[in-house]
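For reference, the structure discussed in these notes is given below.
The values are calculated or read from the model by the stated rules, or taken from the named source; none is laboratory data. This is a predicted model, so every value here is computed, not measured. Because the Cβ atoms are built from the backbone with ideal geometry, glycine has one as well, and the counts that use them run over all protein chains shown.
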Amino acid sequence: MHRLKKIMLGLPGIFLLFFSACGKTISYTNISPKDALDVIKGDNKAVLIDVRTPEEFSVIRIPGSLLIPDYEIKDKIADVVPDKDTTIIVYCRSGNRSRSAAKTLIDMGYTKVFDLGGIIDWPYDTEGDNEL
């Protein structure tokens, strides 16, 4: 019985190794503002998605970002990003909605999902009607 327990406990690790070896992401990754900026500059197919409300987006946003509010992500992401292997970086105001959106994207089969967290921590250029 003790040996069976070891085998059962080892199965998640085996699955993790299998999925890693196959190049499949099984969860999203947090990304720093600097690394996100490097990805955005270096991968012309990467998509930066703001998951806040339209009102928040109009006030301040990261240049080049697309608005898909977190409550619409399931319905609209396939139209914007049909290739599930596209690099996607999500952000919101403080990190709560982006974390939820990143989990949703992974559950939908997207493989390269990064959570930038909140725009409040973005030290680089922004644009908008009334920047904070």
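Would you confirm, using the coordinates I've provided, whether ASP129 is assigned to a loop (DSSP other than H, G, I, E, B), in contact (Cβ under 8 Å) with a residue 40 or more places away in the chain and either surrounded by fewer than 18 Cβ atoms within 10 Å (Cβ to Cβ) or on the phi > 0 side of the Ramachandran plot (or both)? Full working, then the answer.
Numbers: assigned to a loop (DSSP other than H, G, I, E, B): yes; in contact (Cβ under 8 Å) with a residue 40 or more places away in the chain: yes; either surrounded by fewer than 18 Cβ atoms within 10 Å (Cβ to Cβ) or on the phi > 0 side of the Ramachandran plot (or both): yes.
Here the answer is yes, as ASP129 does meet what is asked.
Take the residues of the stretch 35-52 that are assigned to a loop (DSSP other than H, G, I, E, B) and modelled with pLDDT of 95 or more: which is farthest from ASP115 (Cα to Cα)?
If we take residues in the stretch 35-52 being assigned to a loop (DSSP other than H, G, I, E, B) and modelled with pLDDT of 95 or more, then LYS45 is farthest from ASP115 (Cα to Cα).
When the residues of the stretch 53-79 are filtered to those that are more than 17 Å from LEU116 (Cβ to Cβ) and in contact (Cβ under 8 Å) with a residue 60 or more places away in the chain, the one that is surrounded by the most Cβ atoms within 10 Å (Cβ to Cβ) is VAL59.
Just to be sure, is ILE26 at pLDDT below 95, farther than 19 Å from ILE120 by Cα, β-branched (Val, Ile, Thr) and more than 12 Å from the chain's Cα centre (by Cα)? Taking the combined requirement at face value, the residue satisfies it. For the stretch 89-125, a residue qualifies if it is among the small types (Gly, Ala, Ser) and free of Cβ contacts under 8 Å to residues at least 60 places away in the same chain, and the qualifying residues are SER94, GLY95, SER98, SER100, ALA101, GLY109, GLY118. Looking at the stretch 89-96, can you tell me whether even one residue there is surrounded by fewer than 20 Cβ atoms within 10 Å (Cβ to Cβ), not acidic (Asp, Glu) and not in a loop (DSSP other than H, G, I, E, B)? Yes. Of the conditions (1) crowded, with 19+ Cβ neighbours inside 10 Å; (2) of a type in the set (A, V, I, L, M); (3) more than 20 Å from ASP35 (Cβ to Cβ), VAL113 fails just one. Which one is it? With respect to (1) crowded, with 19+ Cβ neighbours inside 10 Å; (2) of a type in the set (A, V, I, L, M); (3) more than 20 Å from ASP35 (Cβ to Cβ), VAL113 is out only on (3).
Between PRO123, PRO82, the distinction of being exposed (fewer than 15 other Cβ atoms within 10 Å of the Cβ), out of contact with any Ser or Thr (no Cβ under 8 Å at 6 or more places or on another chain), at pLDDT 95 or above and closer than 19 Å to ILE40 by Cβ belongs to PRO123 only.
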